[in-house]
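The values are calculated or read from the model by the stated rules, or taken from the named source; none is laboratory data. As the structure is a prediction and not an experimental result, all values here were calculated from the model. Don't worry about glycine lacking a Cβ; one is built from the backbone with ideal geometry, like all the others, and counts go over all protein chains shown.
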Amino acid sequence: MKKAVIVVGTHHAGKSKTINKYFKGKIGLSEKERKFSVGDNKGHILSQSLEEKYGIINSQSLEEKGLVEVTTTVEKYKNYEQLIFAARPENEKLSYYKDLKKQLEKRGFVVETVEIIRDQKESYYKEKAEEIYKKLV
């Protein structure tokens, strides 16, 4: 089953920190690595074979990247089994959350959301990384 997690929070809420420091650290990746596996081969970069369960992490929100064409971005990653994206909340003026969720679902992903609230203790972001992990297994 194809799964996607959208990590949602306002600007500077800690989306990137949650993903890069805590989620990637949990599965044994450096902050720069983007390919991952959740399952038996946690923490290893995997080759692109059909038998392996691998994914891509985008910790910078689409809004921050200035990508207005969500369809093109999702299309680029549609062959992965697991995806993690960051986005601004749906109620913000510039938010791609709704379109991102729609495009992922259109390509067969079960989409889950993890909300991040700014100015929390470090343990909060670590717990949110665990929540992301659980949504992928």
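How many of the residues in segment 104-119 are loosely packed, with under 15 Cβ neighbours inside 10 Å and closer than 20 Å to THR10 by Cβ?
Number of matching residues: 4.
As an exercise: evaluate LYS106 against (1) within 16 Å of PHE23 (Cα to Cα); (2) more than 14 Å from the chain's Cα centre (by Cα) and give the number of the one condition it does not meet.
(1)
Among the residues of segment 102-118, which ones are touching a residue at least 60 places away in the same chain (Cβ under 8 Å) and either in a helix (DSSP H, G or I) or of a type in the set (D, E, K, R) (or both)?
LEU104, ARG107, GLU112, GLU115, ARG118
Filter segment 120-137 down to the residues that are free of Cβ contacts under 8 Å to residues at least 60 places away in the same chain and assigned to a loop (DSSP other than H, G, I, E, B) and list them by number.
Residue satisfying the conditions is LYS121 alone.
Run LYS101 past the list (1) under 23 Å from GLY9 (Cα atoms); (2) at pLDDT below 85; (3) touching a strand residue (DSSP E or B) at 6+ places or on another chain (Cβ under 9 Å) and report the number of the one that doesn't hold.
(2)
ALA13: within 27 Å of ASN91 (Cα to Cα) and either modelled with pLDDT under 60 or in contact with a Lys or Arg (Cβ under 8 Å, 6 or more places away or on another chain) (or both), yes or no? Break it down into steps so the answer makes sense when it comes.
Values: within 27 Å of ASN91 (Cα to Cα): yes; either modelled with pLDDT under 60 or in contact with a Lys or Arg (Cβ under 8 Å, 6 or more places away or on another chain) (or both): yes.
Yes.
Answer with yes or no whether ILE45 is at pLDDT below 60 and over 19 Å from PHE109 (Cα atoms).
For ILE45, the condition - at pLDDT below 60 and over 19 Å from PHE109 (Cα atoms) - is met.
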